[in-house]
Amino acid sequence: MGIAVPAGVVAVAAPAAFVTISKAVAIAVNHTFGAFSHHVPDDGHIIILFGPHIAISDEGELGKYLREGQVHESTACGAVLGAYAACRCGKAGEFDEMDMQQSWLKQRINRRFGEIESSDDQMKALIHVAYEAVKEMLLGIVDTEFSSGKLILIGGIQINMPKPWEDHFQPLYYQVHQKGAEPVDILDDMCSF
């Protein structure tokens with residue numbers, strides 16, 4: 001899959017590199033992760049936080065958000081909702097090389113469009129489809145060849161809450177990977193407290 005730079009690179013520093021993928025999807029190619037991972041110290045670690053976001057309005061509506069300094073609600077996640085709207089209008093197949101992220105997202109949502117449409121809660125189903133698409137893509141490009149350190153993958157859905165509440169993160173995936181070892185799933189441990 002051909003794409004650009006990962007979204008939301010926060011820092012690359014010893015002894016660990018930390019990346020957040022907080023947009024609908026970070027568009028990257030296999031060599032992008034490899035190039036990024038060359039910045040990690042020999043015994044360093046990589047932490048990747050990934051997944052889409054969804055907002056909740058003051059009225060409790062998923063996908064709507066009143067941003068600070070604005071008087072009207074807007075969509076969140078705009079990319080996911082825009083891709084879904086394109087699928088609903090039959091425009092999922094249109095590829096725009098100037099917006100490859102959105103084209104990729106439309107294709108992924110369109111693959112599971114029937115499932116989303118038949119759901120009792122379409123917005124919830126949509127954001128979970130977006131999450132699964134990001135997870136699938138990420139797992140397809142990461143590896144543990146960068147060092148003897150750990151690759152820590154934390155996936156979920158960021159939930160933008162209306163004021164005065166703080167945003168939340170719904171963890172759905174938490175694994176530690178290391179060269180020569182089976183991945184260790186620690187989601188249940190994390191969620192048990």
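The values are calculated or read from the model by the stated rules, or taken from the named source; none is laboratory data. No experiment lies behind these values; they were computed from the predicted model shown. Note that each Cβ is placed from the backbone with ideal geometry, even for glycine, and that neighbours are counted across all protein chains shown.
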Original post:
Within the set of pairs 6+ apart or on separate chains, which have a first residue in the range 70-94 that is under 16 Å from residue 161 (Cα atoms), a second that is assigned to a helix (DSSP H, G or I), and C-beta atoms under 7 Å apart?
Top reply: 75/81
Subject >> Candidates 84, 131 - the one that is of a type in the set (Phe, Trp, Tyr) and in contact with a Pro (Cβ under 7 Å, 6 or more places away or on another chain) >> reply: 131
**OP:** Being of a type in the set (S, T, N, Q) and not in a strand (DSSP E or B) is the filter; apply it to the range 57-84 and report the residue that is surrounded by the most Cβ atoms within 10 Å (Cβ to Cβ).
**Re:** 57
Original post:
Do we have any residue at all in the range 146-162 that's more than 19 Å from residue 106 (Cα to Cα), touching a Lys or Arg at 6+ places or on another chain (Cβ under 6 Å) and either modelled with pLDDT of 90 or more or of a type outside the set (Val, Ile, Thr) (or both)?
Top reply: yes
**OP:** Select from the range 36-53 the residues that are over 17 Å from residue 173 (Cα atoms) and either surrounded by 13 or more Cβ atoms within 10 Å (Cβ to Cβ) or at pLDDT 85 or above (or both) and list them in ascending order.
**Re:** 36, 37, 39, 40, 41, 44, 45
Original post:
Just one of 153, 105, 172 is more than 29 Å from residue 61 (Cβ to Cβ), under 13 Å from the mean Cα position of the chain (by Cα) and touching a residue at least 12 places away in the same chain (Cβ under 8 Å); which is it?
Top reply: 153
**OP:** Inspect all residues belonging to the range 117-138 and state whether any of them is without any contact (Cβ under 8 Å) to a residue 40 or more places away in the chain and in contact with a strand residue (DSSP E or B) (Cβ under 7 Å, 6 or more places away or on another chain).
**Re:** no
**OP:** Look through the range 82-94, keep the residues that are of a type in the set (A, V, I, L, M, F, W, C) and under 14 Å from residue 112 (Cα atoms), and return whichever of them is nearest to the chain's Cα centre (by Cα).
**Re:** 83
